[in-house]
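K.L.:
If you scroll down you'll find the structure; I have some questions about it.
What follows draws every value from the coordinates through simple rules; no lab data is involved. Given the structure is predicted, the values throughout are model-derived calculations rather than measurements. When we count neighbours, we look across all protein chains shown, and the Cβ atoms used for this are built from the backbone with ideal geometry, even at glycine.
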Amino acid sequence: MAAHFFLNPTIPYKFERLEDCPTGFFCVFKESFFTDSYRNGIHDLPLFISGRKPIYHLDQSQDQEIVDLYQKMLNEINNNYRYKYDLYRT
């Protein structure tokens with residue numbers, strides 16, 4: 001089962017592997033990434049409100065869209081494109 005998991009930066013989390021060879025992606029954004037993009041900052045985004053469930057289960061189509069997005073991000077990070085971080089924000 002595929003899922004998208006958003007971690008609240010003010011709540012400590014622990015990750016425990018249940019498989020020897022897990023697959024997937026992860027991405028960590030600094031608070032400045034959100035502060036520069038959003039008027040009120042990361043703490044005001046609905047995803048990070050305390051008490052909300054941070055896991056969103058994905059169907060097969062949604063999972064493929066996320067995989068494609070992360071693949072694009074991995075391709076761009078090694079690129080010399082001047083505005084690659086602007087691409088990430090959009």
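K.L.:
Would you mind checking which residues have amide H under 5 Å from L58's amide H? H placed 1.01 Å from N; only 5 or more apart, or other chain.
P.N.:
Hits under the 5 Å cutoff: A2, A3, H4.
K.L.:
Please give the length that would be gained between T10 and F26 if that part of the chain were fully extended, namely 0.36 nm times their separation in residues minus their C-alpha to C-alpha distance (nm, one decimal).
P.N.:
4.0 nm
K.L.:
With θ taken as phi - 60° and the coefficients 6.51, -1.76 and 1.60, list the Karplus ³J(HN,Hα) couplings across the stretch 59-69 in order, rounded to whole Hz; mark glycine and proline as x.
P.N.:
7, 4, 5, 5, 4, 5, 4, 5, 4, 4, 5
K.L.:
OK, next. Quick one: Karplus J couplings for the stretch 78-87, per residue in order, coefficients 6.51, -1.76, 1.60, θ = phi - 60°, nearest Hz, x for Gly and Pro?
P.N.:
Those phi angles translate into 8, 8, 8, 4, 4, 10, 4, 6, 5, 4 Hz.
K.L.:
Still on this structure, I have one more. Which value, in debye to the nearest 20, describes the size of the charge dipole of the chain about its Cα centre when Lys and Arg Cβ atoms bear +1, Asp and Glu Cβ atoms bear -1, and nothing else is charged?
P.N.:
Computed charge dipole of the chain: roughly 340 debye.
K.L.:
Assuming a ≥ b ≥ c are the square roots of the Cα gyration tensor eigenvalues, decide whether the chain counts as rounded (a/c under 1.5), prolate (otherwise, with a/b larger than b/c) or oblate.
P.N.:
oblate
K.L.:
Still on this structure: Sticking with the crude label model, points 7 Å out along Cα→Cβ, report the distance from Q71 to Y83 in nm, one decimal please.
P.N.:
The two pseudo-label positions are separated by 2.5 nm.
K.L.:
Using Cα pairs under 8 angstrom and six or more residues apart, how large is the relative contact order of the chain, in percent? Walk me through the numbers on the way to the answer.
P.N.:
Working: 48 pairs, mean separation 37.7, N = 90.
Value for the chain: 42 percent.
K.L.:
Helix-only mean residue ellipticity at 222 nm, the chain, DSSP H runs n ≥ 4 weighted -39,500 (n - 2.57), per residue, nearest 500. What is it?
P.N.:
-10000 deg cm²/dmol
K.L.:
Also, I was wondering about something else. For the stretch 41-86, which semi-axes, largest first and in whole Å, follow from the square roots of 5 times the eigenvalues of its Cα gyration tensor? Please report the intermediate quantities before stating the final value.
P.N.:
Values: eigenvalues 138, 72, 7 Å².
Semi-axis lengths for the stretch 41-86 are 26, 19, 6 Å.
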